[in-house]
1. Applying the selection to the range 102-140, what residues are part of a loop (DSSP other than H, G, I, E, B) and more than 17 Å from the chain's Cα centre (by Cα)?
2. Being among the acidic types (Asp, Glu) and under 20 Å from Thr198 (Cβ atoms) narrows it down to one of Glu115, Glu80, Glu121, Glu58, so name that one.
3. For residues in the range 167-215 being among the hydroxyl-bearing types (Ser, Thr, Tyr) and farther than 30 Å from Glu115 by Cα, which is nearest to the chain's Cα centre (by Cα)?
4. How many residues does the range 221-248 contain that are assigned to a helix (DSSP H, G or I) and farther than 27 Å from Leu37 by Cα?
5. Determine, yes or no, whether Ala220 is at pLDDT 95 or above and under 21 Å from Asp66 (Cβ atoms).
6. What about Gly243, is it at positive phi and either in contact (Cβ under 8 Å) with a residue 60 or more places away in the chain or exposed (fewer than 14 other Cβ atoms within 10 Å of the Cβ) (or both)?
7. What are the pairs, 6+ residues apart or on separate chains, where a residue within the range 102-124 that is in the same structural domain as Arg85 (by TED's automatic domain parsing) has its Cβ under 8 Å from a residue that is modelled with pLDDT of 95 or more and surrounded by fewer than 13 Cβ atoms within 10 Å (Cβ to Cβ)?
8. Condition first: under 17 Å from Glu50 (Cα atoms), among the hydroxyl-bearing types (Ser, Thr, Tyr) and touching a helix residue (DSSP H, G or I) at 6+ places or on another chain (Cβ under 9 Å). Now tell me which residues in the range 165-211 satisfy that.
Amino acid sequence: MRKLKFLLFTLVAFLLLSACSEEGSNAESETDQPYDLVEDGKLTFAASGEFKPFSYMEGSDMVGYDIAVGEAVAEKLGLEPNPQRAKFSGIVTGVTEGRYDIAVASHTITEERLEQVDFSEPYYYSGPVIYTRPDSDIKEVQDLEGKEISVARGTTYLETAQEYTDNIPQVDSDVVALQSLSSGHHDAVITDDVTGITAIDAGLEVEGRIQLGIAEQAIAVNKENKELRDAVDEVLQELKDSGELAEISEEWIGGDITKEPENVEETE
């Protein structure tokens, strides 16, 4: 009888120790993140919400290609997507200051931005286009000299416009610039080709005149969070290999913009 009690005591003690060990292991796995996050268990990513079809508002929800990509990346990382709306001009600063884990906001990779953040591999390719009204006499880049060219504040299109004029009104978003152009303001707008096509489909009286090249759009990550950047790269490659990224592009853009275009001539 004494031997049986001893065996029972040993068994109970073993089970208790196993349970404690398992709880400790689970707790450790929950907090053992290879990268820092703004909120544990969430991937907090920024977008402007003013750049249809990449990010825009439907009621209180932010939707679009960028948002769908951010959500897919979060899911692959086993995290809850936490999209945050922010003015485009302040998003890179928000990443560097740690307010956002990443930015999925159609940022073109530039040397200037690379001084502030790291970038993932491109998740889509686009190109700046000169948009005018249908009755405009702007036919080629030389016609831009001295014209009023509007661009969205914080975009790389400002540098492009500065090659032709000093008269560059900056507005809060590309859509606002195109709306103003359609209403008779400005001589031209420089923006992404997909954004321009979407605006035309929505009824704005503008048209694309000059393709200025191809740009790589990538996810911005804090320079101190290289583990997260590497993880994002791995996930993007997985999404490309599986065809899921192309499917997201087809859904929101109406075509596949995830592959680098070939034989594109840049306008000097």
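1. Going residue by residue through the range 102-140, those that are part of a loop (DSSP other than H, G, I, E, B) are 109-110, 115-116, 120-123, 127, 133-140.
Those that are part of a loop (DSSP other than H, G, I, E, B) and more than 17 Å from the chain's Cα centre (by Cα): Glu115, Arg133, Pro134, Asp135, Ser136, Asp137, Ile138, Lys139, Glu140.
2. Details: Glu115 fails: under 20 Å from Thr198 (Cβ atoms); Glu80 fails: under 20 Å from Thr198 (Cβ atoms); Glu121 fails: under 20 Å from Thr198 (Cβ atoms).
When all the criteria are applied, what remains is Glu58.
3. Start the filter on the range 167-215 by keeping residues that are among the hydroxyl-bearing types (Ser, Thr, Tyr), which leaves 173, 180, 182-183, 191, 195, 198.
Those left that are additionally farther than 30 Å from Glu115 by Cα: 180, 182-183, 198.
Details: Ser180: 25, Ser182: 27, Ser183: 29, Thr198: 18 Å.
Filtering the range 167-215 for residues that are among the hydroxyl-bearing types (Ser, Thr, Tyr) and farther than 30 Å from Glu115 by Cα, the one nearest to the chain's Cα centre (by Cα) comes out as Thr198.
4. Narrowing the range 221-248 to residues assigned to a helix (DSSP H, G or I): 226-242, 244-248.
From the residues that got through so far, the ones that are farther than 27 Å from Leu37 by Cα too are 246-247.
So the count comes out to 2.
5. On the way: at pLDDT 95 or above: yes; under 21 Å from Asp66 (Cβ atoms): yes.
Spelling it out, Ala220 is indeed at pLDDT 95 or above and under 21 Å from Asp66 (Cβ atoms).
6. yes
7. Listed pairs, sorted by first residue: Asp118/Lys226.
8. Across the range 165-211, the qualifying residues are Ser173, Thr191, Thr195, Thr198.
The values are calculated or read from the model by the stated rules, or taken from the named source; none is laboratory data. Model, not experiment: these values are computed from the prediction. Backbone-built Cβ (ideal geometry, glycine too); neighbour counts: all protein chains shown.
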